[in-house]
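Take a look at the structure set out below.
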Amino acid sequence: MTQKVLTYEDLGITATDIFEQMGYNDAAPDAATCRETQAVVDEVRPWLAPCFCYLVQKEQPDFDMGRIILRQLRGSEAYALFVCTAGETYEAYQQRLKKQGDMVRVFIADALGSVIAEKTADQMERHLQESIDKLGWHHTNRFSPGYCGWHVSQQQKLFPLFEGHTCGVTLTGSSLMVPIKSVSGIIGLGEKVRRLDYTCGLCDFKQCYKRKLKLAK
């Protein structure tokens, strides 16, 4: 089991990352939105503690992942299971904003939280790759329950494998993660597997936010 706590600076988040998540693509946000976004970032930066954990096992887990993911994992010699999160403190921050009724900052914080979770997962991938470089291995894209035909209820099979070490992330009865700004899933490892730059053509989930961002560009 590998676990690591990061800082805001570790994530390398840019203003463009946040604005794209907010729905701005070709059009730049107005000056007021830029100021409010920077204010949220400045508030979050000192205390943010995103976290990732992963474990590696040789046997393919007994998940019903569907044909799309299974095809991408083909040839894997091992599997990394992971959980990444913006953290409980960030979740509490979002709840405070909602109670204050500041809907502009609620919207910005929601977008920023999604970026934080994804950037934390990116850092997890980099750390994972460094750990397998000595084997001459590569890794696949990361795949999460709820996407590409892998039902979100499969979280109930994924989380017990961590034996409680999930960076403080828990599951609701409907298999949603708390804190909500979290990412979990599986990555294939091996000499013959590869990470693909673009996978939207492989996936049949029409509501995926990554598909929406790509189509909007």
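Key figures
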quantity: Stretch gain in nm, segment residue 89-residue 127, where the contour uses 0.36 nm per residue and the Cα spacing is subtracted; calculated: 11.3 nm
quantity: Exposure of residue 102 as accessible area (Å², to 10), given a probe of 1.4 Å and all protein chains; calculated: 50
quantity: Sequence of 58, 4, 192 when ordered by accessible area, the most exposed leading, probe 1.4 angstrom; calculated: 192, 58, 4
quantity: Overall Cα dimensions of the chain, principal axis frame, Å, largest first; calculated: 50, 37, 36
quantity: The chain - charge dipole about Cα centre, Lys and Arg +1 at Cβ, Asp and Glu -1, debye rounded to 20; calculated: 560
quantity: For residue 138, net neighbour charge (Lys/Arg +1, Asp/Glu -1) across residues whose Cβ lies under 10 Å away; calculated: +1
quantity: Karplus 3J(HN,Hα) series, Hz, for region 74-83 with 6.51 cos²θ - 1.76 cosθ + 1.60 (x for Gly, Pro); calculated: 4, x, 5, 9, 7, 9, 9, 9, 9, 9
quantity: Exposure of residue 1 as accessible area (Å², to 10), given a probe of 1.4 Å and all protein chains; calculated: 110
quantity: HN-Hα J in Hz across region 117-134 - Karplus 6.51, -1.76, 1.60, θ = phi - 60°, x for Gly and Pro; calculated: 4, 5, 5, 5, 5, 4, 5, 4, 4, 5, 5, 4, 4, 4, 6, 10, 4, 5
quantity: Derived scalar couplings ³J(HN,Hα) [region 171-179; Karplus, 6.51 cos²θ - 1.76 cosθ + 1.60; whole Hz; x for Gly, Pro]; calculated: 10, 7, x, 9, 6, 7, 8, 10, x
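The values are calculated or read from the model by the stated rules, or taken from the named source; none is laboratory data. All values reported here derive from a predicted model rather than from experimental measurement. Note: ideal-geometry Cβ built from the backbone for every residue, glycine included; neighbour counts use all protein chains shown. Note: accessible area is taken over every heavy atom of the protein model, side chains too, but ligands, DNA and RNA are not part of it. Shrake-Rupley method; radii C 1.70, N 1.55, O 1.52, S 1.80 Å.
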